1. Inspect the range 164-180 for any residue being of a type in the set (Asp, Glu) and buried (at least 22 other Cβ atoms within 10 Å of the Cβ) and give the result as yes or no.
2. Report yes if some residue within the range 102-119 is within 16 Å of the chain's Cα centre (by Cα), farther than 27 Å from Ile331 by Cβ, assigned by TED's automatic domain parsing to the domain that holds Ala289 and not hydroxyl-bearing (Ser, Thr, Tyr); otherwise report no.
3. I'd like the residue in the range 297-315 that is surrounded by 24 or more Cβ atoms within 10 Å (Cβ to Cβ) and either not assigned by TED's automatic domain parsing to the domain that holds Gly129 or not polar (S, T, N, Q) (or both) and, out of all such residues, is farthest from Asp80 (Cα to Cα).
4. Quick one: which helices (runs of 4 or more DSSP H) lie wholly within the range 142-219 and hold at least 1 residues that are closer than 19 Å to Leu236 by Cα and in contact with a Cys (Cβ under 8 Å, 6 or more places away or on another chain)?
5. Examine the range 48-65 for a residue that is touching a helix residue (DSSP H, G or I) at 6+ places or on another chain (Cβ under 8 Å) and closer than 30 Å to Pro205 by Cα, and state whether such a residue exists.
6. In the range 224-262, how many are in contact (Cβ under 8 Å) with a residue 60 or more places away in the chain and either more than 28 Å from Ala284 (Cα to Cα) or touching a Phe, Trp or Tyr at 6+ places or on another chain (Cβ under 7 Å) (or both)?
7. In the range 122-164, what residues are among the aromatic types (Phe, Trp, Tyr) and within 17 Å of Glu300 (Cα to Cα)?
8. Taking Leu208 and the conditions (1) at pLDDT 95 or above; (2) more than 21 Å from Asp253 (Cβ to Cβ), which numbered condition does it fall short on, given that it satisfies the others?
Amino acid sequence: MIIVMQRGASEDHIARIIQFLTSLGINVERMSGQQQTIIGIVGSSNGLDIQSMSTMDGVQDVVRVSSPYKLTSRTTHPADTIVTFADGTRIGGNAPSIVIAGPCSVESEDQLRRTAECVRKAGGRFLRGGAFKPRTSPYAFQGLGFDGLEMLRKVSQEFGLFIVSEVMEPAHVPSIAEFTDIVQVGARNMQNFPLLRQLGNITRPVLLKRGPAATIEEWLMAAEYIMAGGNQNVILCERGIRTFETAVRHTTDISAVPIVKKLSHLPVIVDPSHGTGKREYVNAMSRAAIAAGADGVMVEVHPDPDRALSDGGQSLTFELFEEMVCDLVRIGDALDRPLLIEPFTGSTTLKPRPKVSAH
């Protein structure tokens, strides 16, 4: 960070800035030109919001010269992070791209089992399903809670699938981490900092969705909270941002994939179901995501979308899901990065998760 003083700023103004910073234990370096003086911050700013100094007398501008996120930055971690599961399945780096699929909400064991069978027969390894659902209306279906997680555990073990499910409360993190293989942070909770801090205390991979109004920097800073707590297994998920466009629910920011890949070492997947809100566009945006270099996609699938208790309009039928997987296989082969497809043989290598009590 550097502080650019106004042209002709007095020595008194410059001295006050330097004295203020050094009194806080911040190391500074003064660089004087013929007409302007620049004060450089060397090392840590000791928690001070340096940007706020732009209003001080004699200051023209405060300019950041390095990224505020250190742990998520590719500058400090050039190699790709690869999240690895117990059976050797990987996400990130040069690993095959993945498909995470399942219903928006767990509604019943029958609905979940039928969906899991479809996902597994298509070669998928990851089953998503919401047990706790943040909804705009307090009267909408809020999920089955821990009963839904029990269903996810039972069905996933039956079909050899990894579980992806959302956590909403910091107090639920330890319990939900026992039920799931990837703990999801929804878009509405991207900046729920107590929740992010708690997720830093576990070792389960965390799938962090981008908020609908979040910049890429804010998204990476949210990931920084988790990694600063000690959990390095973070997967980023682009799920669409809110723009002026009304033809779709959100605007799927495909450009975020290569941008984040340049800025960060973390795996990036795309959720075109929430990104568009309309099932007719999900396949096309999934293809675009893989073509842009995403490490995978996450889509919603339901046996009867028109009767779904949440987000039926963006959920794929089984037939559309199978068609999408076939398309993604062709895209992956063309890019020499195959899709992770493992047909179900009736046996599973996944170990049963320990049963935990609801908290």
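The values are calculated or read from the model by the stated rules, or taken from the named source; none is laboratory data. What you are looking at is a predicted structure, and each value in this text was computed from that prediction instead of being measured. No Cβ is skipped: glycine too gets one built from the backbone with ideal geometry, and neighbour counts run over all protein chains shown.
1. Yes, the conditions are met somewhere in the range 164-180.
2. Applying the first criterion (within 16 Å of the chain's Cα centre (by Cα)) to the range 102-119 yields none.
Scanning the range 102-119 turns up no residue that is within 16 Å of the chain's Cα centre (by Cα), farther than 27 Å from Ile331 by Cβ, assigned by TED's automatic domain parsing to the domain that holds Ala289 and not hydroxyl-bearing (Ser, Thr, Tyr).
3. Ranking the qualifying residues of the range 297-315, first place goes to His302.
4. none
5. No, the range 48-65 has no match at all.
6. If we filter the range 224-262 for residues that are in contact (Cβ under 8 Å) with a residue 60 or more places away in the chain, which is where we start, we get 224, 227-228, 232-235, 237, 249, 262.
Filter once more, so that each one left must be either more than 28 Å from Ala284 (Cα to Cα) or touching a Phe, Trp or Tyr at 6+ places or on another chain (Cβ under 7 Å) (or both): 224, 227-228, 232-233.
So the answer is 5.
7. Passing the criteria: Phe126, Phe132, Phe141, Phe162.
8. Failed condition: (2).
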